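FYI, it's all coordinate maths here, none of it is from the lab. As the structure is a computational prediction, the values presented were derived from the model and not from experiment. Note that each Cβ is placed from the backbone with ideal geometry, even for glycine, and that neighbours are counted across all protein chains shown.
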Amino acid sequence: MTDPLITDPLITDPDPALRPPAVTQVFTVPSAGLDLLGVLHRPAGPGPHPAVAVLHGFPGNERNFDLAHALRRAGYASLVFHYRGAWGSPGTFSWAHVQQDAAAAVVALRADPGLDPDRIALVGHSMGGFTALRAAAADPGVRAVASIAGFDFGAAAADVRADPAVYAAYVDGFAGDIAPLAGTGSAALVAEMATIGDRLTALAPALAGRPVLLVAGDRDTTAPPAVHHEPLLAALPHATHREWPTDHAFSDHRVALARAVVEFLDASL
């Protein structure tokens, strides 16, 4: 029997004999006439490789490069990129632009000749989880989607519209996070958020036939599971589900998180 440690992508580098070797390269995502900054982690061996866009949250302090490297060792090309107006990418940051840029990232991955256009997945954290689920629902060609501590902007929007105190609290809360973002402010972001309509549960019919991974941390105070996770889990009973005693960034469960994502994609792509 093969020693499982030899092929475990969490702890084992690829066979050095594989050609071409793994490479990390600049990868721009064209969106609305702008070239968004990204990095593609291309795996070792001949392609075409399945590909995963790893979508970061707001504002992107945790960009999940550890997941991107684990995915590459597992044989997936993994893209980490920055939305318009975020972390040096040109343009203006907004919630709508994030959604459009995620769709553009899928288009860019499909266009790469070294990648398999029929095996594309989305993995998102927090705002990226919300974005990944919505992008997958809008694009039937996305084969699988994973939401990690997904933040349901539709649920938050309902609270903002209902209570001026909640509105003000979000304005104050976002103010400390906008330094890496261009062309916006906390008041503008909350005003835009208030216009978001449907909750994530409305996506259930569009996602019913595809693999979905939902991951939550029961100490998450940014996207509490009772509000942002459990309703979606109830609407998607077929989804693979993981929940651990950890925080919003999965600070003490990064290895468990990487293993769950790799195992899910191995079963889905």
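Starting from the 7 Å offset along Cα-to-Cβ, what nm value, one decimal, do you get for the label separation of residue 255 and residue 230?
Using points 7 Å along Cα→Cβ, the separation is 3.1 nm.
Express as a percent, rounded to the nearest 5, the fraction of DSSP beta bridges in the chain (both residues included) that run antiparallel.
Here the antiparallel bridges make up roughly 35 percent for the chain.
In nm, to one decimal, how far is the modelled label at residue 35 from the one at residue 17, with both set 7 Å along Cα→Cβ?
3.9 nm
Evaluated at 4 °C with a viscosity of 1.567 mPa s, what Stokes-Einstein diffusion coefficient in µm²/s does the chain have when Rh comes from the Kirkwood expression over alpha-carbon pairs?
Answer, rounded: 69 µm²/s.
Length gain on complete extension for the stretch residue 110 to residue 247, per 0.36 nm per residue less the alpha carbon to alpha carbon distance?
Between residue 110 and residue 247, full extension yields 46.0 nm more.
Note down the net charge around residue 92, summing +1 for each Lys or Arg and -1 for each Asp or Glu among other residues with Cβ under 12 Å from its Cβ.
That sum, taken over residues with Cβ under 12 Å, equals -1.
From the phi angles alone, apply the Karplus equation (6.51, -1.76, 1.60; θ = phi - 60°) to the range 80-87 and give each ³J(HN,Hα) in whole Hz, x where the residue is Gly or Pro.
10, 9, 10, 5, 3, x, 10, 6
Quick one: which residues, 5+ away or cross-chain, put their amide H under 5 Å from the amide H of residue 208? H built at 1.01 Å from N.
Result for residue 208 returns nothing.
Quick one: work out the % antiparallel among DSSP beta bridges in the range 53-190, nearest 5.
Given both bridge residues lie in the range 53-190, the antiparallel proportion sits at roughly 10 percent.
Determine, from the Cβ-Cβ distance of residue 158 and residue 179 and an R0 of 22 Å, the FRET efficiency 1/(1 + (r/R0)^6), rounded to the nearest 0.05.
Efficiency computed from Cβ-Cβ geometry: 0.20.
Using a basic spin-label model with each label point 7 Å from the Cα along Cα→Cβ, how many nm lie between residue 100 and residue 202?
Each label point is offset 7 Å from its Cα along the Cβ direction, giving 2.0 nm.
Mean residue ellipticity at 222 nm from the helices of the chain, using -39,500 (n - 2.57) per DSSP H segment of n ≥ 4 over the full residue count, to the nearest 500 deg cm²/dmol?
After summing the helix terms and dividing by residue count, I get -10500 deg cm²/dmol.
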